[in-house]
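Peer 1: I'd like to ask you about the structure that follows.
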Amino acid sequence: MNSWLSQALLALDHKVETFYYDDDLGGSPELQARLLHRAEEVRPDLVVFCLFRDQFKRETLLKLREIAPTLNWFGDDTWRFESFSSKYADVFTHIVTTDKFSVSAYRARGAKSVVTSQWAAIDRHSKPRFAGEYPYDVSFVGQFHPYRAWVTGELAKRGLKVACFGHGWPGGSLSSEKMNSLFRHSKINLNIGNSTSLDLSYLTSHWKAIPLALKSRKTRSQIKARNFEIPFFGGFQLTDYVPGIEDYFDIGRELVCYRDIDDAELQIRYYLENESEREAIRTAGEKRASNEGYTERWRKILNQVGSSN
């Protein structure tokens, strides 16, 4: 079980029994038997999964469902529904999807209980104290990706330096504490997706851009945990528009979205110059995101799951 999930359930005063299978990611017959045996021993009220691979066979999950209700968190349905999630739609008692557009597809494939939820901020982490000044004008945190590199590189050519951190960047990865502090101490936190971009400026920027775009399986952008982490820890967020983000934030009042590189440049310059407006949006975003942590997410999920039984 993921640490963010176990922390949220513990915060809601639930007893959590963790089943580890890190040493058997191949889904051996022994793993299948061990899971069923553990469930028979514990007899839990609910078995919660966050499967991203096929370590557990359909037959195992169907047998497990006879012992206790089961639930799986599917967090990548915008691009993995057909290739992965759809194969498990009818084997779990409850489905949680972060893609509201996949709900009808789940039901069409036999899912009885489908809950729409979303990624969130790890609200067990302490919020950073503002030091009184902003060392960074614009920052970005996330794994290196060619499109992200193009966006930040193009902004640099236009005189807008973006401090980049994460796996693959010269700045390297940050601890959770340092990352959360960076959010609070950046005037603008840029959020850049890593799905296929059809921005013509990008596609014509390098001969590899089109082949990489055609090869990528991420054909549709999705809301990420970063969309909630930035405002939760007190940062101003400028993000690429993602379908559904308006369900969680008031665009223009609690965060700002950009369409393409030209729009990103325009808005970065505007909000760097207009501090009072930027701070008003940052404050409103932080207030809104205070209810967008994993504890509150799972409170709502469990309430919905409970009412459907």
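Only the coordinates and a few stated rules stand behind these numbers; no lab work does. Every value quoted in this text rests on a predicted model; they were computed, and no experiment measured them. Positions of Cβ are backbone-derived with ideal geometry, glycine not excepted, and every protein chain shown enters the neighbour counts.
Peer 1: Past 21 Å, Cα to Cα: identify those pairs from Lys224/Lys287; Lys100/Lys127; Lys63/Lys224; Lys178/Lys300, in the order given.
Peer 2: Result: Lys100/Lys127; Lys63/Lys224; Lys178/Lys300 exceed 21 Å.
Peer 1: I'd like the antiparallel share, as a percent to the nearest 5, of DSSP beta bridges with both residues in the chain.
Peer 2: 0
Peer 1: Contact order normalised by length for the chain, with contacts defined as Cα pairs under 8 Å and 6 or more residues apart; what percent is it?
Peer 2: Relative contact order of the chain: 16 percent.
Peer 1: Count charges around Pro128 for me, please; just the other residues with Cβ under 10 Å from its Cβ, Lys/Arg as +1, Asp/Glu as -1.
Peer 2: Summing Lys and Arg as +1 and Asp and Glu as -1 gives +3.
Peer 1: Within a 10 angstrom radius of the beta carbon, how do Arg53, Arg297, Arg288 rank from fewest other beta carbons to most?
Peer 2: Going from least to most buried by this count: Arg53, Arg288, Arg297.
Peer 1: Neighbouring Cβ atoms within 10 Å as the yardstick, rank Lys224, Lys157 fewest first. All intermediate terms of the calculation are to be shown ahead of the outcome.
Peer 2: Details: Lys224 19, Lys157 7.
Least crowded to most crowded, the residues run Lys157, Lys224.
Peer 1: Here's a follow-up. In whole Å, what is the distance between the alpha-carbon centres of the range 92-142 and the range 225-274?
Peer 2: Measuring centre to centre over Cα atoms gives 16 Å.
Peer 1: Among His14, His185, which comes first, then next, by fewest other beta-carbon atoms within 10 Å?
Peer 2: Fewest-to-most ranking of His14, His185: His14, His185.
Peer 1: Sticking with this one: Which of rounded, prolate or oblate describes the chain when judged by the alpha-carbon gyration tensor and an a/c cut-off of 1.5?
Peer 2: Prolate shape, in that a/c is at least 1.5 and a/b is the bigger ratio.
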